[in-house]
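Right, one structure below, let's go through it.
The values are calculated or read from the model by the stated rules, or taken from the named source; none is laboratory data. This structure is a prediction, so every number in the text was calculated from the model and none was measured. Neighbour counts are summed over all protein chains in view; Cβ atoms, including those assigned to glycine, are modelled from backbone coordinates with ideal geometry. The area values use the complete protein model at the heavy-atom level, side chains included, leaving out ligands, DNA and RNA. Shrake-Rupley method; radii C 1.70, N 1.55, O 1.52, S 1.80 Å.
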Amino acid sequence: MSSHKEAPAIAKDPAADSTDLYAFVSPDAPDTVTILANYVPLQDPDGGPNFFEFGAKTVVGSAAAVGDDVLYEINIDNTGTGIPSITYQFQFTTTILDANTFLYNTGPITYSSSGGYSSSWNRRQTYTVTRIDTDPTMGASTSTPISPPAGSSGAFACPPCNVGIRSTPNYAGLSAPAIYRMSDGLIVFAGQRADGFFVDLGSIFDLADLRPISSDQLIPGSNAPGINSLAAKNVHCIALQIPISSLTPDGAALTMGANDPNAVIGVFTTARRQTVRMFDPTTGITTPTGPYDQVSRLGSPLVNEVVVPMASKDYFNSQAPVNDSQFAGAVEHPELQGLLPALYPGAFPNLAAYSKARADLVAIFATGIPGSVIGPAFGVGTYQGGKVVAEMLRLNMGIAPTSSDGTQAGTSNLGLLGDDLAGFPNGRRPTDDVVTIALKAVAGATIPLTDPSFTPDAAVALVSQGVTASPRAYQASFPYLADPHGGFSNPPATPSYNPDPEL
Amino acid sequence: MPNISRRIFLRNASIGAAATGVAAAGGLGLLTGPSGADTPVKPSGTTPDAPLLEGSGVVAHVVDAKSGQISLYVGTKHVSYTNQSLAQELLKATR
């Protein structure tokens, strides 16, 4: 998985578990960047009666909010220091209208422009958004609360979970009002979506038995297409579409395209919980106290998942990217590089003999890729000047999107490996096959970027998880991840019963 | 269940949700008390700048009773505090 349940501690705290981070120049609005930060992994659509939600304090009627919440952050480094100069913070509140029912909704949930969501929706979430601008060298910061557009209620509202065709009829009519378009061009959404990540979990974590080449595995099987384990799973998404001029250090639009000195940003998400959480057995309420400490982080996919050793994963989640030089060894000599030749005997002789530090992987994950190693069209690449080793998802905002809509028709889902400069590891689009890209990279496909003397093994071309993304998970426009799969229509264990076959 | 009954059930349930919510709310508020401590500004972005509703109270963690090192947690703040006699006193109270 990209980062679903990637570390032992966060696997037990889904509300704070960052699952995927996407950052790309918006295909239908190329003067903006879209950032999608996903949380709450592996949601079965029929997950009632307590449907999935963001970590939040709870309000019952007019009482004070109680319980512990999660502070969600999207961080942007536009100076190459590894320190975010822009942070968007999100804090959620859960409101229960009727304390005397066990129901998530007491009837069909509807929406009207005059009255908002109907009172039949009993357990709902709203949130605040704050932008913090920080001078990375001086440390001074300014905080700006962001309000919903005029005419909206006091807080941003999430749409309900897609419970099913009786509870949430016309789901598109429920999710659309939760997309907020601000006068300065910022667009905000937070709520449940279809999980656009695609991965064959069953094969990857069964000793990397890639189904398309299973006959060559150490314990051989039959070759077969991969299976998308997330085909009918949902996720909770925090989505921003931000004008590029709001992301540059000088607040100006790019004038030199991919070569602009302000073109590259590094993006990472964090989730924080307060230091102390005390459970009161007399009320059943947990009260948090103290600073918000980082419990989850995510930049590039799969780093904490398959690069950082098991015993260090929770620690990695607590660390700021600016401190990442301590993890450089795991990137320079990845364990998976040693495993592949052992699991596929005879397939990777050149990789098995390669003992140098993986400068290509350090560039992809921790410093950015200099444009010169790809070609002139890559401009300054994703390189941030090499000032610091900091694992982030880097995006050259001056490289135009390959597709004009969010379904990414006509693009290569292998990104840079498929000669598509607008894809991973130049940022990440929802349709990028980051598992196959990462497998090929670790198998040696990207070593020649920094070491031209190396010849990748022929087997690298065959390395693939063999999974095709489901078009059902995407949509052409913001937030690009489609409406969530419905609960009634997607009982996970009974696909033959499924009247709305998404499985 | 006939269609008409189902519609009535759904309509009644919706009305009920709005009516009973206020009545249920007060009890929980009494249990938890008022909230609303100030939110300190921190440069690292580790403290939310949006207004927070917080639980009241101070948590003291005696990190090392011998040296008197105590961590205090209040609202969204952490304060390191050293008081050997207080730390010893607290330790004594646990016996």
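So here's what we get for this one:
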| read-out | value |
| --- | --- |
| Condition met for A:Ala422 (modelled with pLDDT under 95 and in a loop (DSSP other than H, G, I, E, B)) | no |
| Within the stretch A:403-419, considering residues that are under 22 Å from A:Ala366 (Cβ atoms) and open to solvent by less than 40 Å² (accessible area, probe 1.4 Å), the one nearest to the chain's Cα centre (by Cα) | A:Gly415 |
| Some residue of the stretch A:159-176 being aromatic (Phe, Trp, Tyr), within 14 Å of chain B (Cβ to nearest Cβ), crowded, with 18+ Cβ neighbours inside 10 Å and not in a loop (DSSP other than H, G, I, E, B) | no |
| Tally of residues being open to solvent by 40 Å² or more (accessible area, probe 1.4 Å), out of contact with any Pro (no Cβ under 9 Å at 6 or more places or on another chain), assigned to a strand (DSSP E or B) and not charged (D, E, K, R) across the stretch A:251-286 | 1 |
| Residues that are touching a residue at least 40 places away in the same chain (Cβ under 8 Å), assigned to a helix (DSSP H, G or I) and open to solvent by 10 Å² or more (accessible area, probe 1.4 Å), drawn from the stretch A:6-32 | A:Ala15 |
| Looking only at the stretch A:289-312, and only at residues there that are surrounded by 18 or more Cβ atoms within 10 Å (Cβ to Cβ) and charged (D, E, K, R), the one that is modelled with the highest pLDDT | A:Arg297 |
| Any pair with Cβ under 7 angstrom, 6 or more apart, that starts in the stretch A:114-137 at a residue that is more than 9 Å from chain B (Cβ to nearest Cβ) and ends at one that is open to solvent by 30 Å² or more (accessible area, probe 1.4 Å) and of a type in the set (Lys, Arg) | A:Tyr117/A:Arg124 |
| Per-region count, the stretch A:447-499, residues at pLDDT 90 or above and hydroxyl-bearing (Ser, Thr, Tyr) | 7 |
| Failed criterion for A:Ser296 (all others in (1) touching a strand residue (DSSP E or B) at 6+ places or on another chain (Cβ under 9 Å); (2) away from chain B (no Cβ under 14 Å) hold) | (2) |
| Residue within the stretch A:69-77 that is open to solvent by 20 Å² or more (accessible area, probe 1.4 Å) and either within 21 Å of A:Val188 (Cα to Cα) or within 9 Å of chain B (Cβ to nearest Cβ) (or both) present | no |
| Single residue of the stretch A:182-200 satisfying the filter (more than 17 Å from the chain's Cα centre (by Cα) and on the phi < 0 side of the Ramachandran plot) that is surrounded by the fewest Cβ atoms within 10 Å (Cβ to Cβ) | A:Ser183 |
| Answer residue from the stretch A:201-218, given it is out of contact with any helix residue (DSSP H, G or I) (no Cβ under 9 Å at 6 or more places or on another chain) and not charged (D, E, K, R) and is least open to solvent (accessible area, probe 1.4 Å) among those | A:Leu201 |
